[in-house]
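Trainee: After the structure tokens below, expect a handful of questions from me.
Any read-out appearing in this document is the output of simple, stated calculations on the displayed coordinates, not a laboratory observation. Note that the structure is predicted; figures quoted are calculated from it, not measured. We place every Cβ from the backbone using ideal geometry, glycine too, and count neighbours over all the protein chains shown.
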Amino acid sequence: MPQPILFIETPRAGKFNHRFIVANGYTGGDTLLSKWASIARGHTEGWGFIAAFHEVTQPTTGRRAIEQLILAGINTDRLAGDQLTNIHTILSDRLTEVERLVMSVEWEQVGGIHHKLSALDDWYSDIPNNSKLPQQVWSEKSTENQHVSTTDLSKWWLIATGSLIAVMLLFVVYSKSVVFNQKYTTVTTSANILTTQLIVSQR
């Protein structure tokens, strides 16, 4: 089973914008990096990964984008709470050094979307008990289930909230209708009584 992957996704790779920096020992492909980066983006923990990220400015566009340092391919469910916190702290501290690594690469000379640097091997070595980390192989099915538990739940929450608001509006309209009908009935009854009294008095 392959070991966990420690890598950087940066949006500051010169004219190419988004590129990856990996350890020298990385043997996987670009697709795997893209998948892990996509599921981790904007999150500090999830199925199979722990990450640290910050927003940076792309030199070529001036736009703000997320730059992240990701430890992927680990079974986070089998890590103790203090282990998760410790690893996340280590990754967060390393974010301050990411810019130096990104700027040290001559991106126009890189063939492909990832570049290998030995610094990532050193950073991985700094993670306590890295050789004993519970591993997690990429699974399309598992990541689909994760999206169901986050994106879809948010979607259903919005639908439920919208439905509740609609019911409340209908109740308000119904209540006003009932009050109006009661007032109309009262006025009509009073008018009928008055009419009857007038007819009787004329007789």
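Trainee: Evaluate the distance, in nm, between pseudo-label points positioned 7 Å from the Cα of ASP93 and of ALA166 along their respective Cα→Cβ axes.
Mentor: In this crude spin-label approximation the distance works out to 5.3 nm.
Trainee: Counting Lys +1, Arg +1, Asp -1, Glu -1, what net charge surrounds PHE20 among other residues with beta carbon under 9 Å of its beta carbon?
Mentor: Summing Lys and Arg as +1 and Asp and Glu as -1 gives -1.
Trainee: Going by average Cβ density within 10 Å per residue, which order do the peptides 102-112, 86-96 take, highest to lowest?
Mentor: Ranked from most to least packed, the peptides come out as 86-96, 102-112.
Trainee: Counting only residues 5 or more places away or on other chains, whose amide H sits under 5 Å from the amide H of HIS114 once H atoms are built in the peptide plane?
Mentor: Long-range HN contacts for HIS114: PHE20.
Trainee: Still on this structure: Which three extents, in whole angstrom, do the alpha-carbon atoms of the range 1-141 cover along their principal axes, largest first?
Mentor: Extents along the principal axes: 41, 31, 26 Å.
Trainee: In Å, the Kirkwood hydrodynamic radius of the range 1-69 over pairs of distinct alpha carbons?
Mentor: It is 12.7 Å.
Trainee: Further, regarding this structure: Multiply the residue gap between ASN75 and THR60 by 0.36 nm, knock off their C-alpha separation, and tell me the result in nm, one decimal place.
Mentor: Gain on stretching ASN75 to THR60: 1.7 nm.
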